[in-house]
Amino acid sequence: MGVAGMAAGPVAAHGNVFTGEGAHAPIWASQILFVAAWFGYLFGAIRKRPEPLRRALFHMAMLVAGMALFGPFDDMAGSSTAWHMVQHMLLITVVAPLAVLARPLPQWRACAGPAVDVVWRAAQRLTRRPMACALLHAAAIWTWHAPGPYMAAVLSNGWHVLEHASFLFTGWLFWWSVLRPGMAGAIQATLALLFTVMHTGLLGALLTFAPAVLYAGESRELWDQQLAGLVMWIPGGAVYLLAAAWVGFGWLGNRESRPDSSRPDHSGSPT
């Protein structure tokens, strides 16, 4: 969740931006949140030491988030629909799952105190329903790739920050629900991943085969939009498929390793 709240926005919105007073406030806020989340984790790790692998995964998530949201990479995303899609897919299919696997909440709690428990408990309740999280994530993806909201994010710092925040937050919930579902939720998690493969593949196909440019003002080249669709369709879909296979095969392996509950228990222990 931390990456969702802290790395929510880019250094600058793509294309034209509002020039009025306070236009850059969302940019500064996103930068402050990004730095605060990273340093908060570092300070929390002094009191609550994470496992080395999880520490490495967290720093990897932050580095990828910084690369996607700040500096030259974001500038390239501002002039190309394809690079813009790469930016989105990095946030959704790389940063969000890495943040889930890193499990940084104990370190943030050690830094911020029990105040974060309210957020953690609310998120935990929601992540027990993988399909609900998948639908919420799908709503964010489809909303922000519709021409109107997409161009609003291109032209406004505030909408742009909100776009990336929604991708990261719903992505964090989604990946938490499918990567840490427990035995009882493994089937639901697999179905949620397959549902995500299908709807992102459909959106990618729509962008790839659209007869005209959908996002007027960003990229006038149809081939650039088609490449953006392929980025979502193929590499993005591959990530979800691999995750579905991992969750599904893990569930089958655990099921086979458990004793057959259909056989009678003659151990003499009470039921």
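The values are calculated or read from the model by the stated rules, or taken from the named source; none is laboratory data. On a predicted model such as this, the values are computed, not experimentally measured, just so you know. For neighbour counting, all protein chains shown are included, and Cβ atoms are generated from backbone atoms with ideal geometry for every residue, glycine included.
Scanning the stretch 31-40 finds one or more residues that are among the polar types (S, T, N, Q) and either modelled with pLDDT under 90 or at positive phi (or both).
In this structure, does A245 turn out to be at pLDDT 95 or above and surrounded by fewer than 14 Cβ atoms within 10 Å (Cβ to Cβ)? Taking the combined requirement at face value, the residue does not satisfy it. Restricting the first member to the stretch 33-48 and to residues that are farther than 8 Å from Q107 by Cβ and of a type in the set (G, A, S), and the second to residues that are assigned to a helix (DSSP H, G or I) and at pLDDT 85 or above, the beta-carbon pairs closer than 9 Å and six or more apart or on different chains are A37/M62.
Close contacts from the stretch 51-74, counting a first residue that is part of a helix (DSSP H, G or I) and a second that is among the aromatic types (F, W, Y), with Cβ to Cβ under 6 Å and a gap of 6+ residues or different chains, come to M62/W38; M67/F73.
Taken over the stretch 160-178, the criterion of being of a type in the set (A, V, I, L, M, F, W, C) and buried (at least 19 other Cβ atoms within 10 Å of the Cβ) is satisfied by V161, A165, F167, L168, F169, W172, L173, F174, W175, W176, V178. Summed over the stretch 66-122, residues that are among the small types (G, A, S), farther than 25 Å from V213 by Cα and modelled with pLDDT of 85 or more total 4.
Taking the numbered list (1) hydrophobic (A, V, I, L, M, F, W, C); (2) under 14 Å from W108 (Cβ atoms); (3) at pLDDT 70 or above in turn, M6 passes all entries but (3). Condition (residue is within 30 Å of Q31 (Cα to Cα) and either assigned to a loop (DSSP other than H, G, I, E, B) or at pLDDT 90 or above (or both)) applied to the stretch 203-214: is it met by at least one residue? No; the residues of the stretch 203-214 include none that is within 30 Å of Q31 (Cα to Cα) and either assigned to a loop (DSSP other than H, G, I, E, B) or at pLDDT 90 or above (or both). In the stretch 124-135, the qualifying residues are those that are surrounded by fewer than 19 Cβ atoms within 10 Å (Cβ to Cβ) and in a helix (DSSP H, G or I), and the one that is modelled with the lowest pLDDT is Q124.
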